[in-house]
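*Asks:* The structure is given below, and queries will be raised subsequently.
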Amino acid sequence: MKKVFLVTAFLLAAFSSFAEERSFTSPDGKIQVTVSDNAGKPTYSVNYAGNAFILPSPLGLNTSMGEYVTEMTLLPETAAPKLIEEQYSVKTIKQSKVDYKATEAVFTFARADRPVFDVIFRVSDRDVAFRYMMYPYRDRRSAVIFSEATGFQLSPSATSFLCPQVKPGGGFAGTYPSYETGYTLDEPVGKNGNGEGYTFPCLFRNEDKGWILISETGVSSAYCASRLLGHEGGLYTIGFPQEGENNGNGSAFAGIPLPGYTAWRTITLGQTLAPIMETTVPFDVVEPLYDASKEYVYGAGSWSWIIGMDGSTVYDEQVRYIDFTAEMGYQTVLIDALWDTQIGRDKIEELAAYAASKGVAIFLWYNSNGYWNNAPQSPKGIMDNTIARRREMAWMKSIGIRGVKVDFFGGDKQETIKLYEDIMADANDYGILCVFHGCTLPRGWERMYPNYASSEAVLASENLNFSQGACDNEAFNATIHPFVRNTVGSMDFGGSALNKYYNAKNAPRGSQRRTSDVFALATAVMFQSPVQHFALAPNNLTDAPAWAIDFMKKVPTLWDEVRYIDGYPGKYVIMARRSGDTWYVVGINAEKESLKVEVELPMFAQGDVVKCYSDDKNLNGSLTDLKVKKNGKVQIEIPCNGGIVLQK
């Protein structure tokens, strides 16, 4: 028996001393993923179009059952990679119908004589997605994941376009982090933000070879959300939530049953920014977690708070905004914070009935609160408690409330993600849509939760009211979001103001808008969200150009297709969206000099005459007709802080 044991040990040692390495490709063969156990360390790498995009990078888990980062063996293949083909429809994302095709390959890593975890890869023609499946062992049927070794080794010469994570517990009423930080652009890799890493998604330029977008999806109550930690030399690793998030409450790691799965890590690759803007990977690898309780209705709406702030949340002003919303042909009015004290529940019922008589529905604001922040705005103490929440939602259903906007979350811990899920699941029982603010990034939620509508998770329109600096940088920031934040999920920005000044009288005081009216129209298309509460005001019916108001009355919020045309983060964007048979080509410019570029627009036929909303050098907008050249190209000129919209 002793000899048999020695021989077995020798064979295992000999087997593990040679690196096992296996590769597979995307359906079109352009993406190649290689997985290895070199020196006992699980790694993977990604090549695209013959070039290295992700250099050999670490895999592994540190768990309550052990640290599985070293002394690991990649077991021989038990099943060949297989082709996954799926068609699905989600009307609330950037592309309503998706044909998904990917190669799936499973790699099992073991220690000694037992398998520890699988790494499951799904590789489409533009995306790499992978997650871990951890095996049970003996009597262990649950595990705590303390950290992941998962990394992304970029070329040391790559550059980054990132949003630094902030320290927890800061900001308004201690509600940080809330994904509302400015971006650093074109910076060398090897930094770690302000010491806390970066929020997803994270964009990189692989020298002159192309672009890389790194993010995650499939985050539910079954796992925590993560960030990206930067290291010297261009290595970025998965970072779990910070201890101080949510006022220090909750765990900064993840618990899973066994067998159990982690969240998906995603990498989108392209020689241009087209795959980045057009990717659907956040939705491709997830499934609905429950059925929709009804056919939900989406669309445009208005809200008084963005212009009038807290003082506008009063009965008479909401009546005025309901009338304005009806005249615009919009779906909803968002009644923001303090409605419970400044309007009252009985009057909200009256407003809901009055709105319904006008063909308008209402969204109501709530504080997520509980014990994790100090935000004073009410209603409080409702959304954090199952009993109170369901009682409130029953009342909302009885008076016809369309949706809720829940604010001030401040963390990515597993317990906090469960709160999001509980709110959405309960809301679905009562036929209520959910919008989140002061919140985390959505991670596949449009497909996972059928009544999820949108999240802020961006330095959004409220900041334009708060400071002139935000207005001065509006165009710069707006050119980032279509390539980063809005690529992976709906973004409730709440913009497209036509007021010259951010106050209820549109008088020359407070923050002044620097961008043009055409810019406002362009971002109404550029920023994707199925529910859009625009920053328009009743006075715009008389003080804004008629062509601008007419456009905003009809602009869709549901889209069937998106296409990248041209652009560079922080400089300019030209892109297109299709709703039904109608194409909208939109562009904005943040550079000091006017942008002059000839672009090919395959969605238009040669000789087509399209509507053209454009600006002169003084940002005076106009509506004219534009004929597409015989070669199918269009000459576009956009001044600084200006925009363009082509529609047919």
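The values are calculated or read from the model by the stated rules, or taken from the named source; none is laboratory data. All figures in this text were calculated on a predicted structure; none of them were measured in a lab. Glycine also receives a Cβ, built like all others from the backbone with ideal geometry; neighbour counts cover every protein chain displayed.
*Asks:* Tell me, which strands (runs of 3 or more DSSP E) lie completely within region 599-648 with 1 or more residues that are more than 29 Å from the chain's Cα centre (by Cα)?
*Replies:* Result: 609-615, 621-627, 633-638.
*Asks:* Residue by residue through region 7-39, note down the ones that are surrounded by 16 or more Cβ atoms within 10 Å (Cβ to Cβ), at pLDDT 95 or above and farther than 20 Å from S124 by Cα.
*Replies:* S36, D37, listed by residue number.
*Asks:* Turning to a different aspect of this structure: Does at least one position in region 311-328 carry a residue that is in a strand (DSSP E or B) and either in contact (Cβ under 8 Å) with a residue 40 or more places away in the chain or among the hydrophobic types (A, V, I, L, M, F, W, C) (or both)?
*Replies:* no
*Asks:* In addition: Among (1) closer than 23 Å to D616 by Cα; (2) assigned by TED's automatic domain parsing to the domain that holds I362; (3) among the aromatic types (F, W, Y), where does F527 come up short?
*Replies:* (1)
*Asks:* Also: Can you pull out the residues in region 295-343 that are under 20 Å from V555 (Cβ atoms) and of a type in the set (F, W, Y)?
*Replies:* Within region 295-343, Y296, Y298, W303, Y321, F324, Y330 qualify.
*Asks:* Quick one: which of Y48, Y132, Y44 is over 23 Å from V286 (Cα atoms) and crowded, with 21+ Cβ neighbours inside 10 Å?
*Replies:* Y48
*Asks:* Right, something else. Being closer than 26 Å to A453 by Cβ, among the polar types (S, T, N, Q) and not in a strand (DSSP E or B) is the filter here, so list the residues in region 557-598 that pass it.
*Replies:* Matches in region 557-598: T557 only.
*Asks:* Of all residues being of a type in the set (A, V, I, L, M) and modelled with pLDDT of 95 or more in region 173-220, which is nearest to K30 (Cα to Cα)? Just the residue, please.
*Replies:* The extreme case among them is I212.
*Asks:* Right, another one. Being of a type in the set (A, V, I, L, M) and over 22 Å from G210 (Cα atoms) is true for just one of A576, A546. Which residue is that?
*Replies:* A546
*Asks:* If you scan region 245-264, which residues turn out to be in a strand (DSSP E or B), surrounded by fewer than 24 Cβ atoms within 10 Å (Cβ to Cβ) and not aromatic (F, W, Y)?
*Replies:* G255, I256, P257, G260
*Asks:* Continuing with the same structure: Residues in region 527-539: is at least one over 30 Å from D284 (Cα atoms) and in contact with a Phe, Trp or Tyr (Cβ under 7 Å, 6 or more places away or on another chain)?
*Replies:* yes
*Asks:* Checking T280 against (1) outside the structural domain of Q95 (by TED's automatic domain parsing); (2) of a type in the set (S, T, N, Q); (3) surrounded by 23 or more Cβ atoms within 10 Å (Cβ to Cβ), which single condition isn't satisfied?
*Replies:* Going through the list (1) outside the structural domain of Q95 (by TED's automatic domain parsing); (2) of a type in the set (S, T, N, Q); (3) surrounded by 23 or more Cβ atoms within 10 Å (Cβ to Cβ), T280 breaks only (1).
*Asks:* Continuing with this model, one more query. Taking helices (runs of 4 or more DSSP H) that fall entirely within region 470-556, which contain at least 2 residues that are within 28 Å of A361 (Cα to Cα) and β-branched (V, I, T)?
*Replies:* 517-526
Matching residues to (1) crowded, with 22+ Cβ neighbours inside 10 Å; (2) in contact with a Leu (Cβ under 9 Å, 6 or more places away or on another chain); (3) touching a residue at least 24 places away in the same chain (Cβ under 8 Å):
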site: V597; (1), (2), (3): no, no, yes
site: P602; (1), (2), (3): no, no, yes
site: D615; (1), (2), (3): yes, no, yes
site: L623; (1), (2), (3): no, no, yes
site: N631; (1), (2), (3): no, no, yes
site: E637; (1), (2), (3): no, yes, yes
site: L646; (1), (2), (3): yes, yes, yes
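*Asks:* Moving on. Among residues belonging to region 56-68 that are out of contact with any helix residue (DSSP H, G or I) (no Cβ under 8 Å at 6 or more places or on another chain) and surrounded by fewer than 18 Cβ atoms within 10 Å (Cβ to Cβ), point out the one that is farthest from E20 (Cα to Cα).
*Replies:* Looking at residues that are out of contact with any helix residue (DSSP H, G or I) (no Cβ under 8 Å at 6 or more places or on another chain) and surrounded by fewer than 18 Cβ atoms within 10 Å (Cβ to Cβ), I get S64.
*Asks:* So, in region 207-216, how many residues would count as being surrounded by fewer than 24 Cβ atoms within 10 Å (Cβ to Cβ) and closer than 17 Å to T237 by Cβ?
*Replies:* 1
Here's the yes/no breakdown for (1) touching a residue at least 40 places away in the same chain (Cβ under 8 Å); (2) surrounded by fewer than 22 Cβ atoms within 10 Å (Cβ to Cβ):
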| site | (1), (2) |
| --- | --- |
| S378 | yes, yes |
| M383 | yes, no |
| A388 | no, yes |
| T440 | yes, no |
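*Asks:* Please enumerate the residues belonging to region 39-57 that are closer than 23 Å to L269 by Cβ, outside any strand (DSSP E or B) and not aliphatic (A, V, I, L, M).
*Replies:* If the condition is that a residue be closer than 23 Å to L269 by Cβ, outside any strand (DSSP E or B) and not aliphatic (A, V, I, L, M), then P42, G50 are the ones that fit.
*Asks:* Turning to a different aspect of this structure: Kindly state which strands (runs of 3 or more DSSP E) lie completely within region 58-157 and contain at least 3 residues that are of a type in the set (V, I, T), in contact with a strand residue (DSSP E or B) (Cβ under 7 Å, 6 or more places away or on another chain) and at pLDDT 95 or above.
*Replies:* 97-111, 114-123
*Asks:* Ok, one more. Name the residue that is surrounded by the fewest Cβ atoms within 10 Å (Cβ to Cβ), counting only residues in region 170-189 that are outside any loop (DSSP other than H, G, I, E, B) and aliphatic (A, V, I, L, M).
*Replies:* Among those that are outside any loop (DSSP other than H, G, I, E, B) and aliphatic (A, V, I, L, M), it is A173.
*Asks:* Another question about this same structure. Out of (1) farther than 30 Å from L601 by Cβ; (2) buried (at least 21 other Cβ atoms within 10 Å of the Cβ); (3) without any contact (Cβ under 8 Å) to a residue 60 or more places away in the chain, what's the single condition that is false for F204?
*Replies:* (1)
*Asks:* Taking the conditions exactly as written (among the acidic types (D, E) and either within 20 Å of Y298 (Cβ to Cβ) or buried (at least 24 other Cβ atoms within 10 Å of the Cβ) (or both)), does E462 satisfy them or not?
*Replies:* Spelling it out, it is not the case that E462 is among the acidic types (D, E) and either within 20 Å of Y298 (Cβ to Cβ) or buried (at least 24 other Cβ atoms within 10 Å of the Cβ) (or both).
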